[in-house]
Each structure stands twice: as C-alpha cells, then as structure tokens.
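Below: the structure, in structure tokens.
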Amino acid sequence: MERIGVLTGGGDCPGLNSVIRAVVRKSLLEGYAVVGIKNGWKGLVENDTMLLDVNAVSGILPRGGTILGTSRTNPYKKEGDPEKVKDSFKKMELYALVAVGGEDTLGVASKLAQDGIPNIVGVPKTIDNDLSATDYTFGFDTALNIATECIDRLHTTAESHHRIIVAEVMGRHAGWIAIEAGIAGGADVVLIPEIPIDLEEVCNIIKKRHARGKTFSIVVVAEGAQFKDKGLVTQEQKLDSFGHVRLGGIGEALANEIEKRTGYETRVSVFGHIQRGGTPTAFDRVLGTRFGVKAVELIKNKKFGRMVALQGIKIIDVPLSDAVKALKTVDMELYDIAKVFFG
Ligand code: F6P
C-alpha cells in the first residue's frame, strides 16, 4: 500500500482538521495509507509521526487547531535540515506529501519539489487570505466572522460610553480581515497596510461624526498598517525562522494619537489569537474538505508540484510556485466600497 504523508505548518487556523480528515478519508478510499507528520516541517526534520487511520480523524471536523500540531520550522534555515527532511521522507516510506500551509510552508514545499522531493502537493491555508492563485484560503472566513462579531460587541459599549474604540485585527501585510470585517461590522474608519495612515484624515472623519451627533466611533486597523511617516509598529525586533517580525501594537499607538488630537476618550481592543481559535465556519469546513479531497486526486493523477486552489466556485490546481510568487493584497475596489461608509 502506498503511503501519503500530511503535515500542517505555520500559524494554525480553523479548518485544518477538515483538510486532514478529507485527506485521510479520500486516501483510504483510493487505497493509500496516511502518515501524519507532526508539527509541520519539524516533524520531517525529526522523523516524528502519528498514525492517521479512519478512527484518528473521527470527530475532528468541528475542532479548531490541528491534531497534527504545527510549527514555523523552516528546514532551509539550518544547515543539514533539508537532508534530514529527505532522509525522513525515505524512512517513512512516503510516496507523496500533502503540505498544508501558508506562504512560508508552501514556499518550502515549492523548494523541496525542485530539490529531491518531487511528489508534493500543497493546500493553501491562512486567516490572512494573502496567497496568490486562490480566491480564498480556508481559515479566513472564520477569522472574519469572529472579528465581525467582536466589532458588533464594541459598538454597543462604545456608544454607551461615547468613546472611540480602535479594533486591531490580524492579517499581517494584507488588509483582508480588516476591510471585510470593517464592511461587515459597519466600521467608521478602516485602516489597512495597503494605504499609509493619514492621522489628520482619520481625526477629521471622527470629528465630522461628532458634529452630526454621533459621539462614538469604531476604527478598525490591520496589524500591518503603517503611519505615513513612522513605518511598521512591531512587538519586538526578533524575527521568526521565516524572517518575519512580530506585528502588533499599532492599535495602541493609533488610539493614543486619536485621543491626543481629538480630545475624545479612546480605547483599544486587540482581537489577537481569538481570531485563529475555535470551531471553523461551515464555509471553511466545506472549503477545507474540498481542498483535501482534491489534493489526493492530484496525487492519484500524478500531478505533483501543484497546489489546490479556489477560483470562482471551482477547485482547480496551480503550480506551487504561483501561490508564493506575490502577496495578494486588498483589491482597491473593495477599499472604495468600505470608504463609502467612513464617517
Ligand atoms: O499568519 C497568521 C497570523 O495569525 C498573522 O495574522 C499574525 O501576524 C501572525 O500569524 C501571528 O503569529 P503568532 O501566532 O506566531 O503570534
């Protein structure tokens, strides 16, 4: 029986277990056995696996996180690790590998596909929705719905206290969560990484709302948004193994500036990892399931070095390298729609 390995890498997100379950169920139907590789690429470096049979994936569909665990281990950052990955691949007697991840995990998959492990297929995951070649990544819809509910909750308390509340959302260098949660939650200003923050403009919008009798405002800011003159706000200057700085803190900085410049009492609420936790929405469960089944079909048809993707309403496949070519940032048409409701 040929063996398929599956791993989940990078930040976790709701829907990962839907993919794992789908990979296992479809593989067993097609006559493959499945090996679960623990903690992303780390599991291949350390030869750390778990058995994935039908019982192992029973009941996991509504569960957040990943039963395989995850890590941000990048084998290309440490000498000798790519060789360890290739050795483990042989030791595990794998025929093919399904790598479920975002830009970083799929970047490694793309490299490995050209560097000794050709039988790889990718599945796009991230709450940030910033991967090219797919309209949506699973995990995004859940994060968006959580952020929207949080904004709804901020509205009532902001209104009672006549306050400005700045809501800081995740998304890294793309403003997808901010813009869509901002539209869905009726934010009064939405600030995204794609457009530098003009503080004067933000304060004018808030003052105009006050002038028409609205004594509260909700400002949604993406963690990767930057002030026109000051650049990114980061938590510390340490980089993770993929070379990313940890974002976070723009909400606090923005709230201070707004309070100082307008004189209105301002608070900040950082949604943080709440956006990544818990049960996936039906949309993410269905998308994850479709991606997982399609990944096994690609293996069956020997279509390696490819990534499954959603385009329109169809699940298609694209070269792995396409997914990581460029960051997918917010469409300015969507931003213009959000802007109609500013103020
Ligand atoms: O990429 C997903 C994401 O949640 C980003 O939105 C965020 O910047 C980052 O991961 C947070 O990473 P960590 O879980 O390592 O704090």
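The residue that is nearest to the chain's Cα centre (by Cα), among those in segment 24-45 that are open to solvent by less than 40 Å² (accessible area, probe 1.4 Å) and on the phi > 0 side of the Ramachandran plot, is 40. Close Cβ contacts (under 6 Å, 6 or more residues apart or on different chains) running from residues in segment 38-56 that are farther than 18 Å from residue 109 by Cβ and free of Cβ contacts under 8 Å to residues at least 24 places away in the same chain to residues that are among the small types (Gly, Ala, Ser) and surrounded by 15 or more Cβ atoms within 10 Å (Cβ to Cβ) comprise 50/36.
Tally time: how many residues in segment 113-151 are modelled with pLDDT of 95 or more and farther than 25 Å from residue 279 by Cβ? Matching residues across segment 113-151 total 3. Of the listed requirements (1) open to solvent by less than 30 Å² (accessible area, probe 1.4 Å); (2) under 18 Å from the mean Cα position of the chain (by Cα); (3) more than 16 Å from the ligand (Cβ to nearest atom), residue 299 misses just one: (2).
If you go through segment 102-135 and keep only what is within 16 Å of the ligand (Cβ to nearest atom) and in a helix (DSSP H, G or I), you end up with 103, 104, 105, 106, 107, 108.
So, residue 85, is that one assigned by TED's automatic domain parsing to the domain that holds residue 205, open to solvent by less than 10 Å² (accessible area, probe 1.4 Å) and farther than 18 Å from residue 317 by Cβ or not? Give the derivation first.
Working: assigned by TED's automatic domain parsing to the domain that holds residue 205: no; open to solvent by less than 10 Å² (accessible area, probe 1.4 Å): yes; farther than 18 Å from residue 317 by Cβ: yes.
It is false that residue 85 is assigned by TED's automatic domain parsing to the domain that holds residue 205, open to solvent by less than 10 Å² (accessible area, probe 1.4 Å) and farther than 18 Å from residue 317 by Cβ.
Taking the condition within 16 Å of the ligand (Cβ to nearest atom), assigned by TED's automatic domain parsing to the domain that holds residue 199 and at pLDDT 95 or above, does residue 251 pass? For residue 251, the condition - within 16 Å of the ligand (Cβ to nearest atom), assigned by TED's automatic domain parsing to the domain that holds residue 199 and at pLDDT 95 or above - is met.
Within segment 259-269, one or more residues are open to solvent by 40 Å² or more (accessible area, probe 1.4 Å), in a strand (DSSP E or B) and closer than 24 Å to residue 153 by Cβ.
Looking only at segment 4-18, count how many residues are within 16 Å of the ligand (Cβ to nearest atom) and within 12 Å of residue 65 (Cβ to Cβ). The qualifying residues number 7.
The values are calculated or read from the model by the stated rules, or taken from the named source; none is laboratory data. These figures come from a predicted structure and were not determined experimentally. Because the Cβ atoms are built from the backbone with ideal geometry, glycine has one as well, and the counts that use them run over all protein chains shown. With ligands, DNA and RNA removed, areas are computed over all heavy atoms of the protein, side chains included. Shrake-Rupley method; radii C 1.70, N 1.55, O 1.52, S 1.80 Å.
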